[in-house]
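Participant: What follows is a structure written as structure tokens; I'll ask about it next.
The values are calculated or read from the model by the stated rules, or taken from the named source; none is laboratory data. In this text the structure is predicted, and so the values were computed from the model without any measurement. Methodologically, a virtual Cβ is constructed for each residue, glycine included, from the backbone with ideal geometry; neighbour enumeration extends over all protein chains shown. Each accessible area value is taken on the protein alone, full model and side chains, heavy atoms only, with ligands, DNA and RNA left out. Shrake-Rupley method; radii C 1.70, N 1.55, O 1.52, S 1.80 Å.
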Amino acid sequence: MKTELLSGNEAVARGAYEAGVTVASAYPGTPSTEILENIAQYKEIYSEWAPNEKVSLEMVAGTSIAGARSICAMKHVGLNVAADPMFTFAYIGTEGGCVIVTADDPGLHSSQNEQDNRYYARHAKIPMIEPSDSQEAKDFLIKAYEISEKFKIPVLFRMTTRVCHSKGMVTLGERKEPSFKKYKRNISAFVSTPANNRIHHSQLEKKLKEIEEYNNSCSLNKIELNSGEIGIITSGISYQYSKEVFGNDASYLKIGFTFPLPRDTILNFSKKMKKIYVVEENEPIIENYCRMLGLDVTGKEKIPVEGELNPDIVEEKLLNIKNEFIKINEEKIVSRPPTLCSGCPHRGIFYELSKRKNVAISGDIGCYTLGSTEPLNAMDTIICMGASISAAHGFSKAFEKSNQKIKAIGVIGDSTFFHSGITSLLDITYNRGNAAVIILDNRITAMTGHQENPGTGYTLKGTETPEVNIENLVKALGVKNVETINPNNLKQVNEALDRAIESDEPYVIITKWPCALKKLKEEEKENFKKIPGIFKVNREKCRKCKMCLKAGCPSISFDENIGSIIDEDTCVGCSVCAQICPFDAIEREGDQL
Amino acid sequence: MTRSILLVGVGGQGIILTSKILAKALINEGFDVKMSEVHGMAQRGGSVTTQVRYGEKVFSPIIGKGKADILVAFEEMEAMRYIEFLNPEGVLIVNPHRIHSAPISRGASKYPDGIIDELKNKVNTVVINASEEAKKIGNIRVQNIILLGKLAKFLNLKKANWDDILKNNIKEKYIDINLKAFETGLNF
């Protein structure tokens, strides 16, 4: 049998292929993005980027009701967006098997919170399955479809960053030929009226009891009996950490099917153990359940609720062993925070915003979150996808009531605007607000690694498609004042900002320039012509004033003896620093000196 | 017995490709392998790390403090940042190359001096100026494969055919220079 080194995300994609899935949808989000990118490689599966997670879940719910196997994938906070359809989908249930992948991010590697989505399974009353490595990610996913179809219910499949982005050996299998159910209208089954869903709720409670019973003998849970001194109840990546630390010195109940929890299995395992540890990352979910069963277990009194778990924590907290490690002079370590890239088209706008007084800047989720960092510091709040615009509207109303002369400005990216900024902007226009909005259109979903979106003219599969005209869309929402500018032209940026700040009406500035890392398509090379040549500092003109450093470009450094230095390997010639320099000391190479 | 290799550096230095090739070689050798990367926000000009673990059966994909057998640092200060993950009896392979981070570029901090000396005092340190050697061969971008060559010498794998693995994982027009880079590291 063929084996391959696959990440958890690649293994989920492979699992979907082998399970005979035919429809897949997602909105990109770390650590889930590569699931759909890899599913898209299989020509047998229709796959798409949806504008947001709610849409993707609704889309695959439709596929499921119509009788085909489907999958959607999202990061943990994406499931908040998709929660509305998920709760009701649980009531009406599936025809074709349906799996919803949630990729949680303990430790906030690349997220705004570390919520534990295992609660969602309990809240929405749908089964949850949790793999602990790549092989399980593939095998458990295939099993998830069996469970989904057996009980006619969607399955929540929980991954975490370390499962998503760790690679391990996976034995591949063959694709199961998809079987489709013949579609027939069934109003009482699939129409969510109060009358129908009262019945569905009662059926759902019954289903959950049956699923719990099934789970007591399900192959997704595994008991490893070693000594009877210590028993560890665990799931997901926490199993790997426990096994790393305790090896064969403890017995394990590794739960792969984590909601509804297998009551009898837990009780039987616990009976044989003198001491029971529950090792789980973040919330005490299995632990609380064990306590409810009257078991005396040790969990969160030792293992922290916050942050990502690792073998060191398990070893230190449960075995009281502290590793020896090399200690060094920490003064010799300077931080290396993420920054906007050289030539990033967001730099000009944040540089100009950073100079403005009496503005409150409401930011959003994407690379431009970095507008909040040194030396730009051009941001007042960030909450979640789409909140930049609606929170700016809220700011403006507060400033109006409190008589403070502060202009509220929302800053949002192209993909995030499509995701959930459109309705926020509608809130401003409908309610005659006056917050200004800047839409940073860099022609791609950049932060997650360059995914196409409704504004790029291409689909996930690379097919050409009509591109949304953001300017027309904004006008259709009722904004009269819209202008599109080149963000690398600081004069344009400044003048547009002046007009937006002075306006008493909704005002939208669209900055249109591709991400500096984007591989441009032929038509884009035509539309966004770059002037060739990078920049260098004219030593005779540089007065060492450090103004250029205020743009926070990683290509510019400063030496007290020399002045500003531009790194010729990384400068892409965006010219923002040259426009900032008050002494015209930064010149394009090749220009007359 | 599971062994652990930690590779650290800065985005753009070719760490991900290096660990991919390393993992393939370890698989060829017959080991179970796990490898862990960090994506997303953390990548934008920040530190990049990959963790490779191998043995008969590997459980945790991540390495604890003081548990790495070999630390390969593609950049000086990154060696310092992650040195606590190296087993005090382990080996540090370090490229004495400096990449300024944002606080250093804008003059808020200075690039620290004396890093290599301090590391040499603490642990078995192998200094190989892969960036300079790579420039001599003709392209700084093959610094990663020079470091891989040096690492390969320490791993001393019996079955893995490094040349074939390199050929299968590198774009055709860059194969020759990368084979040369690997050789340079191996014989350094």
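Participant: Just one of the numbered conditions (1) crowded, with 17+ Cβ neighbours inside 10 Å; (2) within 20 Å of residue A:453 (Cα to Cα) is not true of residue A:407; which one?
Facilitator: Every condition holds for residue A:407 apart from (2).
Participant: In the stretch A:504-513, which residues are touching a helix residue (DSSP H, G or I) at 6+ places or on another chain (Cβ under 6 Å) and closer than 22 Å to residue A:570 by Cα?
Facilitator: none
Participant: Still on this structure: Against the condition assigned to a helix (DSSP H, G or I) and within 13 Å of chain B (Cβ to nearest Cβ), how does residue A:352 come out, does it pass?
Facilitator: no
Participant: Look through the stretch A:316-331, keep the residues that are touching a Gly at 6+ places or on another chain (Cβ under 8 Å) and not polar (S, T, N, Q), and return whichever of them is nearest to the other protein chains (Cβ to nearest Cβ).
Facilitator: A:325
Participant: Under 30 Å from residue A:201 (Cβ atoms) and surrounded by fewer than 24 Cβ atoms within 10 Å (Cβ to Cβ) - does that describe any residue in the stretch A:4-14?
Facilitator: No, the stretch A:4-14 has no match at all.
Participant: Within the stretch A:40-98, can you find the residues that are farther than 24 Å from residue A:449 by Cα and among the acidic types (Asp, Glu)?
Facilitator: A:44, A:58, A:84, A:95
Participant: Within the stretch A:360-379, does at least one residue satisfy the condition of being within 21 Å of residue A:234 (Cβ to Cβ), of a type in the set (A, V, I, L, M, F, W, C), more than 14 Å from chain B (Cβ to nearest Cβ) and within 22 Å of the chain's Cα centre (by Cα)?
Facilitator: No: zero hits.
Participant: Another one. Out of the strands (runs of 3 or more DSSP E) lying entirely within the stretch A:157-235, which hold 2 or more residues that are open to solvent by 30 Å² or more (accessible area, probe 1.4 Å) and closer than 30 Å to residue B:38 by Cα?
Facilitator: Answer list for the stretch A:157-235: A:166-171.
Participant: Take the residues of the stretch A:406-457 that are assigned to a strand (DSSP E or B) and free of Cβ contacts under 8 Å to residues at least 60 places away in the same chain: which is nearest to residue A:505 (Cα to Cα)?
Facilitator: A:408
Participant: Also, I was wondering about something else. Of all the helices (runs of 4 or more DSSP H) wholly in the stretch B:64-141, which have at least 1 residues that are more than 7 Å from chain A (Cβ to nearest Cβ)?
Facilitator: B:76-82, B:115-122, B:130-137
Participant: For the condition of a type in the set (Val, Ile, Thr), under 27 Å from the mean Cα position of the chain (by Cα) and under 30 Å from residue A:422 (Cα atoms), what is the one hit in A:389, A:303, A:313?
Facilitator: A:389
Participant: Based on this model, can you work out whether residue A:465 counts as at pLDDT 95 or above, open to solvent by 50 Å² or more (accessible area, probe 1.4 Å) and away from chain B (no Cβ under 14 Å)?
Facilitator: Yes.
One line per residue, one yes/no per condition, for (1) surrounded by fewer than 24 Cβ atoms within 10 Å (Cβ to Cβ); (2) within 14 Å of chain B (Cβ to nearest Cβ):
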residue	(1), (2)
A:24	no, no
A:30	no, yes
A:34	yes, yes
A:40	yes, no
A:60	no, no
A:66	yes, no
A:71	no, no
A:87	yes, no
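Participant: While we're here: So for the stretch B:102-114 (the condition being β-branched (Val, Ile, Thr) and surrounded by 23 or more Cβ atoms within 10 Å (Cβ to Cβ)), does at least one residue qualify?
Facilitator: No, the stretch B:102-114 contains no residue that is β-branched (Val, Ile, Thr) and surrounded by 23 or more Cβ atoms within 10 Å (Cβ to Cβ).
Participant: Hey, another quick one. Only helices (runs of 4 or more DSSP H) wholly contained in the stretch A:1-98 count here; list those with 2 or more residues that are aromatic (Phe, Trp, Tyr).
Facilitator: By residue number, A:76-92.
Participant: I'm trying to understand the selection: among the residues of the stretch A:98-149, which are open to solvent by less than 10 Å² (accessible area, probe 1.4 Å) and among the aromatic types (Phe, Trp, Tyr)?
Facilitator: Scanning the stretch A:98-149 gives a single hit, A:145.
Participant: Under 6 Å between Cβ atoms, at least 6 apart or on separate chains: pull out the pairs that start in the stretch A:47-64 with a residue that is without any contact (Cβ under 8 Å) to a residue 60 or more places away in the chain and end on any residue that is open to solvent by less than 40 Å² (accessible area, probe 1.4 Å) and among the aromatic types (Phe, Trp, Tyr).
Facilitator: Matching pairs, first to second residue: A:50/A:27; A:53/A:27; A:56/A:27.
Participant: Could you tell me which of the residues A:212, A:308, A:301, A:229 is under 26 Å from residue B:63 (Cβ atoms) and charged (D, E, K, R)?
Facilitator: A:308
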